[in-house]
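The values are calculated or read from the model by the stated rules, or taken from the named source; none is laboratory data. Keep in mind that what you see is a predicted model, and the values were worked out from it rather than measured. In this analysis, Cβ positions are derived from the backbone assuming ideal geometry, glycine residues included, and neighbour counts consider all displayed protein chains. Calculation scope for accessible area: heavy atoms of the full protein, side chains included, ligands and nucleic acids excluded. Shrake-Rupley method; radii C 1.70, N 1.55, O 1.52, S 1.80 Å.
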Amino acid sequence: MFGGCRAHPLLTDLYQFTMAYGYWKCGREQDEAVFELFFRKNPLGGEFTVFAGLQDCLSFLSTFCFSQEDVGFLRSVLPADVEPGFYSYLLNISASDVTLRAVPEGSVVFPQVALLELEGPLAILQILETPLLTLVNYASLVATNAARFRLAAGTDRRLLEIGLRRAQGPDGGLSASRYSYIGGFDGTSNVLAGKMYDIPLFGSLAHSYITSFTSMSEVKVQELATASGERPTADFPSLCREWLARVCCFLQVPEHQTNPSEFAAFVSYASGAPRNFVGLLDTYNVMRSGMPNFCAVALALNQLGYTARGLRLDSGDLGWQSLQIRRTLQSCADRFGVPSFSSVPIIISNDITVKDLIELQHKPNAVDSVGVGTHLVTCSSQTSLGCVYKLTQVNGKARIKLTEDKDKTTLPGKKRAYRLFGPDGSPFLDLLMQDTESVPRAGEEIRCHALHGGKGSLAVTASRVEPLHHIYYQHGQVTRDSPSAAEIKKFVQESLSDLPPQHKLLQEAVPYQVAVSAMLYALLCEFTEERVSQP
């Protein structure tokens, strides 16, 4: 990161500067332009997207400028015949003449609807393209992926992001932690993300910790105070041994079959962190070793007033094992008179995918929490959202990209976007209109044209109409308060809850409708007909 911002003005493509020089050279750098940042297709096989990255964009705009060192580097890489005046121009520009309109961060959004609309000097908006795409593309993809994991897991199961070691570098890992939380996860293992964004932290222990022990002789901590501190300290290793004998007798597991190094590791870990004890059960054998050893240490802690925070499984048939473990916990709770022991959280990990969670929902299990890493932070089923940044207007005149690929044709002109709601309070259509058109009104028929495989010409009536875009940056200032990560996370869930269920299906979802007004459709037709008529 640079100075607290997640992008630097030079974190861009070289051609942004060669184009900016072309504008400057012909005196067009101050032409009033409008660009839109949008995507063409929902990611990950779904039919919705969660918009994220707005706060980073605002931070970038607020600090956007070039230093003498930056410009010196550009002198060294741009052609030698670039006029010195261009470098003086770069040293004096900022984003103070840029206006940014956007949908609120955390909104559920759809193809072709601008996530960001920027208005300002042509050359500056050109230079801003790549950094803004960088800040929005990955953030929105991860937030959407996290939202899909949340839908697959249901509302009651905790989701823990543990992907830092698998992420695309340090900044990718930090971004993934933040936007996974915004998308619906409950916590992260990433300590820096916890500090920076106030995300709840979670941690257990690794197999290496368990395999590093060989016997109880390596456990140096002997005394452990009670949780209240009112009673004398106890000989914790001896107490754990007593409980191991009782547990093995009750579970009918020969004590010599339990792994002594695992037992020593659990005792050591619990004595160092009695309020944060989480057992990892599958280093050797889950039911013949991990479970008896965990129960013994957890019940010893309970005797001293502490409560185990959970246990984790990282291999095997996780759903089936969770049922066995829950039955064992319940039996121990009944046998030893510790009711709370039956509800010790069961945590699973091991390259969990959305498909895994869907399958878990459809078979018996006792899983309370899920740790997700690789397939969350790398978005392995789709590596990019594919946001684009396109010019739509210059000096008040509409611009369009016409291409052989019809899907890449852009919508011309400066626009306004509205979300239309039905009588049940759910949104049913996003409407794009020219900015000169009257605001659509609830209760009045609206003529429009569906985009991308829709029903063509439509006549719709909304019970409620909401504008999608708001001004977030103008005259060099951020114009709205920045919500916390927790507040954005809450807004994501509210946005998703409003969306009809058929659009949220994780498989074979129904596309949400996006349409253009009759006037905007007529303008689009004018441009396309002009192209056809050209020789």
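Which percent of the accessible heavy-atom area of the chain goes to carbon and sulfur, probe 1.4 angstrom?
Heavy-atom surface of the chain belonging to carbon and sulfur, 1.4 Å probe: 51 percent.
Looking at the square roots a ≥ b ≥ c of the eigenvalues of the Cα gyration tensor of the range 464-527, which shape do they give, rounded for a/c under 1.5, prolate if a/b is larger than b/c, or oblate?
Judged from the Cα gyration tensor, the range 464-527 comes out oblate (a/c at least 1.5, b/c at or above a/b).
Is the shape of the range 300-442 rounded, prolate or oblate, going by the alpha carbon gyration tensor and its root eigenvalues a ≥ b ≥ c, with a/c under 1.5 for rounded and a/b larger than b/c for prolate?
Prolate is the answer for the range 300-442, as a/c is 1.5 or above and a/b outweighs b/c.
Starting from the exponent 0.38 and prefactor 2.2 Å, build the expected Rg for the range 48-145 from its residue count and divide its actual Cα Rg by it.
1.27
Mind checking the full-extension length gain between residue 195 and residue 63? Use 0.36 nm per residue of separation minus the Cα-Cα distance, one decimal, nm.
That works out to 45.3 nm of additional length.
So, in nm, how far is label residue 508 from label residue 351 when the simple model puts each one 7 Å beyond its Cα toward the Cβ?
About 2.8 nm separates the two model spin labels.
Starting from 0 in steps of 5 Å, tell me what percent of the Cα-Cα pairs of the range 148-266 lands in each bin.
The calculated distribution, bin by bin, is 2, 10, 13, 12, 12, 11, 13, 14, 10, 3, 0.
Taking only the alpha carbons of the range 384-479, what extent do you get along each of the three principal axes, in Å, biggest first?
Largest to smallest, the principal-axis extents are 40, 37, 31 Å.
Quick one: check the C-alpha center-to-center distance for the range 397-420 versus the range 245-274, whole angstrom.
Each part's Cα centre sits 66 Å from the other's.
Take the residue pairs 363/489; 415/489; 41/415; 355/401; 415/504 and return only those whose Cα atoms are more than 31 Å apart.
355/401
Hey, what number do you get for the chain at 222 nm if only DSSP H runs of n ≥ 4 count, each worth -39500 (n - 2.57), divided across all residues, to the nearest 500?
The helix contribution divided over the chain gives -12000 deg cm²/dmol.
Listed highest first by mean packing, meaning other Cβ atoms within 10 Å per residue, what order do 270-282, 478-490, 462-474 come in?
270-282, 462-474, 478-490
Restricting the count to DSSP beta bridges whose residues both fall in the chain, what percent are antiparallel, rounded to a multiple of 5?
Approximately 70 percent, going by the DSSP bridge assignments.
Averaged per residue, what accessible surface does the chain expose to a 1.4 Å probe, in Å²?
Counting only protein heavy atoms, the per-residue value for the chain is 44 Å².
Please sort 204-215, 167-178, 284-295 by packing, taking for each peptide the average over its residues of neighbouring beta carbons within 10 angstrom, highest first.
By packing density, highest mean first, the sequence is 284-295, 167-178, 204-215.
Quote the convex hull volume per residue of the chain, based on C-alpha atoms, as a whole number of Å³.
189 Å³
Against the 2.2 N^0.38 Å scaling, with N counting residues, where does the range 254-342 land? I'd like the Cα-based Rg ratio to two decimal places.
Output field value: 1.01.
Classify the range 334-417 as rounded, prolate or oblate, taking a ≥ b ≥ c as the square roots of the eigenvalues of its Cα gyration tensor: rounded when a/c is under 1.5, otherwise prolate if a/b is larger than b/c and oblate if not.
Here the range 334-417 falls in the prolate category.
After finding the eigenvalues of the alpha carbon gyration tensor for the range 33-103, what semi-axes result from the square roots of 5 times each, listed largest first in whole Å?
Square roots of five times the eigenvalues give 34, 16, 12 Å.
Please give, to one decimal in nm, the separation of the simple spin-label points placed at residue 83 and residue 315, each 7 Å out from Cα toward the Cβ.
Reported label-point gap for residue 83 and residue 315 is 6.9 nm.
Using label points projected 7 Å from each Cα along Cα→Cβ, tell me how many nm separate residue 358 and residue 424, to one decimal.
In this crude spin-label approximation the distance works out to 2.2 nm.
Please give the per residue volume of the convex hull enclosing the alpha carbon atoms of the range 414-535, rounded to a whole number of Å³.
177 Å³
Excluding ligands and nucleic acids, what accessible area in Å² is computed for residue 394 using a 1.4 Å probe, to the nearest 10?
Counting only protein heavy atoms, the figure is 10 Å².
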